[in-house]
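Asks: The structure that follows is given in the form of structure tokens.
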Amino acid sequence: LQWAVLVAIQGIPRMVFDLRFARTTLQQASPFLGVQGTIAVRTSVSVLILSSFCGETEVGLYSAASQLLVPLSLVFDNVALSLFPAMCRNYEISVGSLAAVVRLIVEGLMSISLPVIIGLFVLAEVVLMALYGDPQFLVSANILRIIVWVPLQGALTAAIGQALWAGGRERLTLCIVLVNTVLQVVAALLLIGSFGLYGAATTSALVAAVSLVQHLIPGARFLSGLRLTAFLW
């Protein structure tokens, strides 16, 4: 369907196969493929380990809490992705221009996420009952209060991560994702094995905090003049 729409708008393209271009594109795309593949593995690690150590009930309770944060993650990812071309254009002008775009994105995402996060933290039981209608899901309220702060990290890393990509630092992003994945596996094995459901929530919060530090340090060096503390306050 997409191909039919493109042909209707642009016409039938001239087919040319360039082996050198294909090889170069594959080499340049490999870090992005590595990042997305590693993220796909990391997102399922905690659930798999939780299922192995505890059972399907705990997986359901954990998922009941984590699903409430999915809308925020979708907003963050799509805002950062949609503004990625603007980041690239501003990087061609200067690093300062890119830093200004990143600052506006983070301020916008934080202004969206903070009210939602505070609301979910205070009204966890009310929200869970409204969505699931079963008192058994109220166990997820404390889990939600632990992982509800993860989107704050997402607001920052979504913007800074795209800025690193715009500046040609995708290999650094791949290293960050690999470190987070290894940490997630180790922390999940230790914490879930010891604390079960609360260990899974703590693992998510811990990995998010480490990921934030890994983005802030190179981001502050790369985006000179970003002044993170000022606009975060």
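Asks: Go through region 102-182 and tell me which helices (runs of 4 or more DSSP H), entirely inside it, have 3 or more residues that are at negative phi and surrounded by fewer than 19 Cβ atoms within 10 Å (Cβ to Cβ).
Replies: On the way: elements: 124-132, 140-147, 150-166.
Once the helices (runs of 4 or more DSSP H) in region 102-182 are filtered for at least 3 residues that are at negative phi and surrounded by fewer than 19 Cβ atoms within 10 Å (Cβ to Cβ), what remains is 124-132, 140-147.
Asks: Within region 43-57, does at least one residue satisfy the condition of being of a type in the set (A, V, I, L, M, F, W, C), open to solvent by less than 60 Å² (accessible area, probe 1.4 Å) and either modelled with pLDDT under 85 or touching a strand residue (DSSP E or B) at 6+ places or on another chain (Cβ under 7 Å) (or both)? So that I can check it myself, show each step before the final result.
Replies: Let us first name the residues in region 43-57 that are of a type in the set (A, V, I, L, M, F, W, C), namely 45, 47-50, 53-54.
Keeping just the survivors that are open to solvent by less than 60 Å² (accessible area, probe 1.4 Å) gives 45, 47, 49-50, 54.
If we keep only those that are either modelled with pLDDT under 85 or touching a strand residue (DSSP E or B) at 6+ places or on another chain (Cβ under 7 Å) (or both) too, we end up with none.
The answer is no; no qualifying residue exists.
Asks: Still on this model: Which residue out of 35, 5, 16 is in contact with a Leu (Cβ under 8 Å, 6 or more places away or on another chain) and of a type outside the set (D, E, K, R)?
Replies: Working: 5 fails: in contact with a Leu (Cβ under 8 Å, 6 or more places away or on another chain); 16 fails: in contact with a Leu (Cβ under 8 Å, 6 or more places away or on another chain).
So the residue among 35, 5, 16 that is in contact with a Leu (Cβ under 8 Å, 6 or more places away or on another chain) and of a type outside the set (D, E, K, R) is 35.
Asks: Still on this structure: Name the residue, out of 26, 50, 74, that is in contact with an Asp or Glu (Cβ under 6 Å, 6 or more places away or on another chain) and either within 29 Å of residue 161 (Cα to Cα) or not in a helix (DSSP H, G or I) (or both). Steps first, answer last, please.
Replies: Numbers: 26 fails: in contact with an Asp or Glu (Cβ under 6 Å, 6 or more places away or on another chain); 74 fails: in contact with an Asp or Glu (Cβ under 6 Å, 6 or more places away or on another chain).
After applying the criteria, what remains is 50.
Asks: Go through region 61-93 and report how many residues are within 21 Å of residue 207 (Cα to Cα) and surrounded by fewer than 18 Cβ atoms within 10 Å (Cβ to Cβ).
Replies: Matching residues across region 61-93 total 7.
Asks: Exactly one of these conditions fails for residue 29: (1) among the hydrophobic types (A, V, I, L, M, F, W, C); (2) surrounded by 13 or more Cβ atoms within 10 Å (Cβ to Cβ); (3) without any contact (Cβ under 8 Å) to a residue 24 or more places away in the chain; (4) closer than 18 Å to residue 172 by Cα. Give me its number.
Replies: It fails just one condition, (2).
The values are calculated or read from the model by the stated rules, or taken from the named source; none is laboratory data. Just so we're clear, the structure is a prediction, and the values are computed from it rather than from any experiment. Positions of Cβ are backbone-derived with ideal geometry, glycine not excepted, and every protein chain shown enters the neighbour counts. SASA here: full protein model, heavy atoms, side chains in, ligands and nucleic acids out. Shrake-Rupley method; radii C 1.70, N 1.55, O 1.52, S 1.80 Å.
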